[in-house]
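Step one of this worksheet: look at the structure below.
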Amino acid sequence: MRTDGPRGAAAREARERGTAARLELARPGRYFGTAVAAGHLGEADYAATLDREFNSATPENEMKWDATEPSRGTFTFSAADRVVDHARAQGMDVRGHTLVWHSQLPSWVGALGAADLRAAMNDHIDQVMGRYKGQIHSWDVVNEAFQDGGSGARRSSPFQDKLGDGYIEEAFRTARAADPAAKLCYNDYNTDGVNAKSTAVYAMVKDFKARGVPIDCVGFQGHFNSNSPVPADLRANLQRFADLGVDVQITELDIEGSGTAQADAYARVVDACLAVDRCTGITVWGVTDKYSWRSGGTPLLFDGNYDAKPAYDAVLAALGGDGGGGEPGEGTATCTATYTRTADWNSGYNGQITVTAGSEPISSWAATVTFAAPQQVQATWNATPSWSGNVMTARPSWNGTLAAGASTGFGFTVSKNGSDAAPVVGGCTAS
Ligand code: XIL
């Protein structure tokens, strides 16, 4: 999925100390990127931090509709070009963000009738993707098309209101033709965990895959704060999308807070992505707290002086760098959990989770399992459950000791209550 930009030895050497290289080490071929604002590229510390730490760039605002087509048929690419040129000169990949979105949309678009709007949408995709054809590894074709909250409905927008649900697949089909080399993503927020909104997106992606609508990836924005913390089932959610046959990416990560709490939250997100084979990259939403769209929440990896925060160290550690372990022989306890249905009847089923220790012996483990909403767990055995909503965390009832590579299992009986959906296995953590 990487595009081949010029990859200067000096730039590569500099990045060997940073997040990008660590991610490459942990998972070759994956990227660690940031949002980039053209207006800050002239600031030496900004550019130096960007170039040293990241190997993918997303223009923060420069490719949005209001920036690229402020009036109909008049395209302005100078700011986007600055970001793309800088990134490619450094050998970075570029994420395209974003083509069809209700926000940062010039008012002329909303004033069009349906036929004109359809033509304008397709022309916009053609022109903007055409400009950067072959230079973008992933495009956010459609952004935030679902309503926030529990309705699972589409969000009202000129596109939705005038063209109906079909505008999304039309945008993806147009995008495939405009740049066949780019991965085409649907991108949204508050879809990071298993919830009504993410399940609505999941249903759309499943339908697209079944009908051959071109979609390659789903972006999870990852804007977190105390009201919207990193969900415990982030990994499970990423995995269920990956299981549909799409890549998943964390596209706009920022986590408000400071110190250890913020650092731990960042590590959890990195761990979740690393645990999912099809999680192909992580983008943080800016280089430094001082230019963050949520600067009051100091949500990024570098402070206003470009000094690395505890969150930065935690990301490096989670990527297998300094201090965090992950190397065999350092005594890092890991485990994996897999699910099988062992019995099935009209109104219920039995499931079994097999927990397997990684390359080191472990003394205890915890596995999370998310059940589909109307289902009820009637019984569990060989593990002690604790619950948060419909997410069960199972821990050993007695002794959690496992030799390296050894397995144990626990089971449960579930009442279907009308839903035959398989439970989703989230993380397995070991100590
Ligand atoms: C934000 C930018 O960071 C701000 O500079 C701008 O004023 C508003 O948009 N979801 C997205 C991003 O998809 O494009 C948004 O970026 C943040 C929320």
Report, please, the projected area of segment 335-402 averaged over directions, based on the convex hull of its C-alpha atoms, in nm².
4.9 nm²
Average accessible surface area per residue within the chain, 1.4 Å rolling probe, Å²
39 Å²
Tally of Lys pairs whose C-alpha atoms are under 19 Å apart, taken over the chain, 8 or more apart or cross-chain
8
Starting from the alpha-carbon convex hull of segment 125-184, give the projected area averaged over all orientations, in nm².
4.4 nm²
Below 8 Å, C-alpha to C-alpha, sequence gap of six or more: please give me the relative contact order for segment 262-407 in percent.
16 percent
Taking all pairs of different Cα atoms in the chain, averaging 1/r and flipping that mean, what Kirkwood radius in angstroms comes out?
22.7 Å
What does the charge add up to near Val246, with Lys and Arg as +1, Asp and Glu as -1, over the other residues with Cβ less than 13 Å from its Cβ?
0
Taking all protein chains as present, what is the carbon and sulfur share of the accessible area of the chain, in % to the nearest whole number, probe 1.4 Å?
49 percent
Tell me, how many Å apart are the Cα centres for segment 359-431 and for segment 166-210?
30 Å
Debye calculation, C-alpha points only, no solvent: report log10 I(q)/I(0) for segment 97-218 at q = 0.14, 0.22, 0.23 Å⁻¹, in the same order as the q values.
-0.57, -1.36, -1.45
Order of 339-345, 45-51 by packing, highest average Cβ count within 10 Å first?
45-51, 339-345
Packing-based order for 101-110, 120-129, 76-85, using average beta carbon neighbours within 10 Å, highest first
120-129, 76-85, 101-110
Given H placed 1.01 Å from N in the peptide plane, which residues other than close sequence neighbours of Asp93 have an amide H under 5 Å from its amide H?
Ser56, Ala57
GNM top mover of His40, His137, His86 - the chain, alpha-carbon springs below 10 Å:
His40
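The values are calculated or read from the model by the stated rules, or taken from the named source; none is laboratory data. Fair warning: this is a prediction, and the values are worked out from it, not measured in the lab. With ideal geometry, Cβ positions are generated from the backbone for all residues, glycine too; neighbour counts draw on all protein chains shown. With ligands, DNA and RNA removed, areas are computed over all heavy atoms of the protein, side chains included. Shrake-Rupley method; radii C 1.70, N 1.55, O 1.52, S 1.80 Å.
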